[in-house]
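Report on one structure; see the data block that follows.
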Amino acid sequence: MEIELSTGLTLTVRPVSQVAIDAIIAELGGYAEQARLAAMPFDELTSYIRAMDYDERARRDKAQLKQMVYMFGWGIEETPDDRVIEMLEELDCNSTVPQIQRAHWLIYVAGLTRADKANIIGTVMALTRVMNQ
Amino acid sequence: MELVTQTGATIKIGRVERRALDALDVPRPQPPLRIVETWGEITEQVPVLDDVDYQQRLGDWRQRIFLEQWQLIVPALEISGIDMAEAVALHAAGIGDGSPSDALHYTLTYAEQKHIIAAVYYQSTVTARGIIEAEARFGYTWHGQPLSSWSVGYTPGARGQLAADWRAAFRSQLSWSEFCAIPGPEQSAHVAFWALEDRLAYLVGTYGN
């Protein structure tokens, strides 16, 4: 399945492990908590996040980054070219694991908007759920 | 007992301490209640089972039970012939600890992992499968029919599985520690035996004369 992003980049999406997705969502507080936050008005949400203690906020940020790395690294088929790998090395993102290279490319170099990133995550999750039914 | 996955990994199923399984307690979320008028001024609280938030909390609870069960049974697994590349890559991404059990956890489907969990439970404690197998082997019949096919008029009082297990241990003159130490299929056989004896006693007492 292909998705076209606002930057003109077209990516091929594939399903990942439902168990891994659920484990990451559990770190983010579970599906019920995610749905509750998604329904919050923006100003209420920012106040809610600001009111969290540092440990809680750090835990959530780490889980969100983990979610992006997993969805982009394992849920996308395209690989970054050598020039991008060189750029990542200059940024000290010099992992030799192909999935993580792909994730770092999409997170740091490809210039995706927040909506694009959310679109990829949503599509990978939906595709995985459909494939597991 | 051994299981082989589609990818060729072999899993030797062992036992875990039964009391650890009994101690697993994750409180189930409760549905919200709605007050409805049943008759005149009499009201009744009715659970709203299709509440979206409740359904999501229920899904999270099921997933938590699954994860806790998986963590409990992992020490009982002896895994060989597994491709570790995926687990190592996931560990580099901060997911899991890169162990062979994690390699299984993140590559097998829920159904396959539940099958493994069920196999460890079967080896460790009283299970429905163990009871059915024991009943079939005991071969009790009443007028030529398997005993379990006869309906018996028990009183409406109900007891949990743990109570049935305690009673079977007591009637077999085993302490609870001794009962917990024997393999799961044998525990199931003790429970099945006493349940069949009770059923037979009821049928003989009611229809025997």
Seminar exercise, completed: Within segment B:77-88, residues within 11 Å of another protein chain (Cβ to nearest Cβ) and either in contact with a strand residue (DSSP E or B) (Cβ under 7 Å, 6 or more places away or on another chain) or charged (D, E, K, R) (or both) come out as B:86
Exercise. Pairs, please: C-beta under 8 Å, at least 6 apart or cross-chain, first residue on the phi > 0 side of the Ramachandran plot and in segment A:4-25, second surrounded by fewer than 18 Cβ atoms within 10 Å (Cβ to Cβ)?
Worked result: none
For this session: Identify all residues within segment B:119-128 that are surrounded by 15 or more Cβ atoms within 10 Å (Cβ to Cβ) and of a type outside the set (Ser, Thr, Tyr); write none if there are none.
Result: B:119, B:120, B:123, B:126
Exercise. For residue A:81, are the conditions met, namely being closer than 28 Å to residue B:85 by Cα, at pLDDT 85 or above and exposed (fewer than 14 other Cβ atoms within 10 Å of the Cβ)?
Worked result: yes
For this session: Look through segment B:132-164, keep the residues that are under 17 Å from residue B:189 (Cβ atoms) and among the polar types (S, T, N, Q), and return whichever of them is least open to solvent (accessible area, probe 1.4 Å).
Result: B:148
Exercise. Taking segment A:80-107 only, how many residues are polar (S, T, N, Q) and touching a residue at least 12 places away in the same chain (Cβ under 8 Å)?
Worked result: 2
Problem set entry | All positions within segment B:1-46 that are touching a strand residue (DSSP E or B) at 6+ places or on another chain (Cβ under 8 Å) and surrounded by 14 or more Cβ atoms within 10 Å (Cβ to Cβ) | B:3, B:5, B:9, B:11, B:13, B:14, B:31
For this session: Considering each residue of segment A:89-104, count those that are within 14 Å of chain B (Cβ to nearest Cβ) and more than 11 Å from residue B:92 (Cβ to Cβ), and give that number.
Result: 4
For this session: Select from segment B:97-112 the residues that are more than 8 Å from every other protein chain (Cβ to nearest Cβ) and either open to solvent by 30 Å² or more (accessible area, probe 1.4 Å) or more than 15 Å from residue B:13 (Cα to Cα) (or both) and list them in ascending order.
Result: B:97, B:98, B:99, B:100, B:102, B:103, B:111, B:112
Exercise. Name the residues in segment B:76-85 that are at pLDDT below 85, of a type outside the set (Gly, Ala, Ser) and open to solvent by 50 Å² or more (accessible area, probe 1.4 Å), would you?
Worked result: B:83, B:84
For this session: State yes or no: is residue A:25 of a type in the set (A, V, I, L, M) and either out of contact with any Asp or Glu (no Cβ under 9 Å at 6 or more places or on another chain) or more than 10 Å from every other protein chain (Cβ to nearest Cβ) (or both)?
Result: no
For this session: Go through segment A:113-124 residue by residue and tally those that are among the aliphatic types (A, V, I, L, M) and either assigned to a loop (DSSP other than H, G, I, E, B) or surrounded by 20 or more Cβ atoms within 10 Å (Cβ to Cβ) (or both).
Result: 2
For this session: Could you tell me whether any residue of segment B:128-143 is within 14 Å of chain A (Cβ to nearest Cβ) and either of a type in the set (Lys, Arg) or within 21 Å of the chain's Cα centre (by Cα) (or both)?
Result: no
For this session: Sort out which residues of segment A:9-59 are of a type in the set (D, E, K, R) and open to solvent by less than 20 Å² (accessible area, probe 1.4 Å), and write them in order of number.
Result: A:22
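Conditions tested, residue by residue: (1) in a helix (DSSP H, G or I); (2) in contact with a strand residue (DSSP E or B) (Cβ under 6 Å, 6 or more places away or on another chain).
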{"residue": "B:98", "(1), (2)": "no, no"}
{"residue": "B:104", "(1), (2)": "yes, no"}
{"residue": "B:113", "(1), (2)": "yes, no"}
{"residue": "B:116", "(1), (2)": "yes, no"}
{"residue": "B:119", "(1), (2)": "yes, yes"}
{"residue": "B:122", "(1), (2)": "yes, no"}
{"residue": "B:129", "(1), (2)": "yes, no"}
{"residue": "B:133", "(1), (2)": "yes, no"}
{"residue": "B:136", "(1), (2)": "yes, no"}
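Residue-by-condition table, conditions (1) within 13 Å of chain A (Cβ to nearest Cβ); (2) crowded, with 16+ Cβ neighbours inside 10 Å:
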site	(1), (2)
B:62	yes, no
B:74	no, yes
B:90	yes, yes
B:114	yes, no
Problem set entry | Enumeration of residues in segment B:175-208 that are outside any helix (DSSP H, G or I) and either closer than 24 Å to residue B:122 by Cα or at pLDDT 95 or above (or both) | B:175, B:182, B:183
Exercise. Since residue B:69 meets every condition but one in (1) of a type in the set (S, T, N, Q); (2) surrounded by fewer than 14 Cβ atoms within 10 Å (Cβ to Cβ); (3) modelled with pLDDT of 90 or more, which condition does it not meet?
Worked result: (2)
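The values are calculated or read from the model by the stated rules, or taken from the named source; none is laboratory data. Keep in mind it's a predicted model, so treat the numbers as computed, not measured. With ideal geometry, Cβ positions are generated from the backbone for all residues, glycine too; neighbour counts draw on all protein chains shown. What goes into the accessible areas is simple: the full protein's heavy atoms, side chains included, and nothing from ligands, DNA or RNA. Shrake-Rupley method; radii C 1.70, N 1.55, O 1.52, S 1.80 Å.
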